[in-house]
1. Under the condition of being out of contact with any helix residue (DSSP H, G or I) (no Cβ under 7 Å at 6 or more places or on another chain) and among the charged types (D, E, K, R), which residue from the stretch 94-123 is modelled with the highest pLDDT?
2. May I ask you to list the residues in the stretch 135-186 that are closer than 30 Å to Ala75 by Cβ, modelled with pLDDT of 90 or more and surrounded by fewer than 19 Cβ atoms within 10 Å (Cβ to Cβ)?
3. Which helices (runs of 4 or more DSSP H) does the stretch 119-194 wholly contain that include 1 or more residues that are of a type in the set (Lys, Arg) and without any contact (Cβ under 8 Å) to a residue 60 or more places away in the chain?
Amino acid sequence: MGTLRFLLMVTWAAWIWLELVAVAAPTIVDHLRGRGERQDGGSIAVLLVCVGVAFVAAVRIARLPFGALPGPPEAQLACGLVVMWAGLALRAWSIHHLGGLFRAIVVIQPDHRLVTTGIRARVRHPVYLGHLSEMLAWSLGTGLLVCWLLTAFAIVTGAVMIRMEDAELEKRFGAEFIAYRREVPAILPIVRLG
């Protein structure tokens, strides 16, 4: 269990780094510099409400006298760590692939273009897929009911956010985005063999 605890600590550090450096920092720097045309369409309000509701629900549910899955905690943690690293890698790759275009909220920049290559040729919203993988990792790794409920909540709120982002992308890119949306699924990737 000592090795797993060390890996858990490293995973926490990687997750915090990804959230602060790759997700929050570019958005904050853009805001301070006044760059880009903010087109969040209310997504920031939805996001803040969802985080608040999830936090309150998690605190309440975590205090209930039940909620852990049966089974060896070491196996659950090891499984959760594997899925977490897959999610972190997918989100990092997705953010890197967008270059300087990724922001935590929808921001249309002067040089904005529709990216349909790389991972985005198989899935339109790989960052959400990575985040869902991370939520599943917490659920698998802890086995706690509260984590499973938060994962379900993340699926619902992610669907709302995807619809909002798709509407902004359709408004900005028109027929090009409509054709892309018709060909590439939002979350579950296309797997082409051969």
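The values are calculated or read from the model by the stated rules, or taken from the named source; none is laboratory data. Keep in mind the model is a prediction, meaning the values are calculated, not measured. As a convention, Cβ positions derive from the backbone with ideal geometry for all residues, glycine included, and neighbour counts pool all protein chains shown.
1. Arg122
2. Once the filter is applied, which keeps residues that are closer than 30 Å to Ala75 by Cβ, modelled with pLDDT of 90 or more and surrounded by fewer than 19 Cβ atoms within 10 Å (Cβ to Cβ), the stretch 135-186 yields Thr151, Ala152, Ile155, Val156.
3. Because the criterion is at least 1 residues that are of a type in the set (Lys, Arg) and without any contact (Cβ under 8 Å) to a residue 60 or more places away in the chain, the helices (runs of 4 or more DSSP H) in the stretch 119-194 that meet it are 145-173, 175-183.
Residues are listed down the side, and each one gets a yes or a no for (1) in a helix (DSSP H, G or I); (2) modelled with pLDDT of 65 or more; (3) under 25 Å from Glu168 (Cα atoms):
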site	(1), (2), (3)
Phe6	yes, yes, no
Val23	yes, yes, yes
Thr27	yes, yes, yes
Leu48	yes, no, yes
Val59	yes, no, no
Phe66	no, no, no
Gly80	yes, yes, no
Trp85	yes, yes, no
Ala92	yes, yes, yes
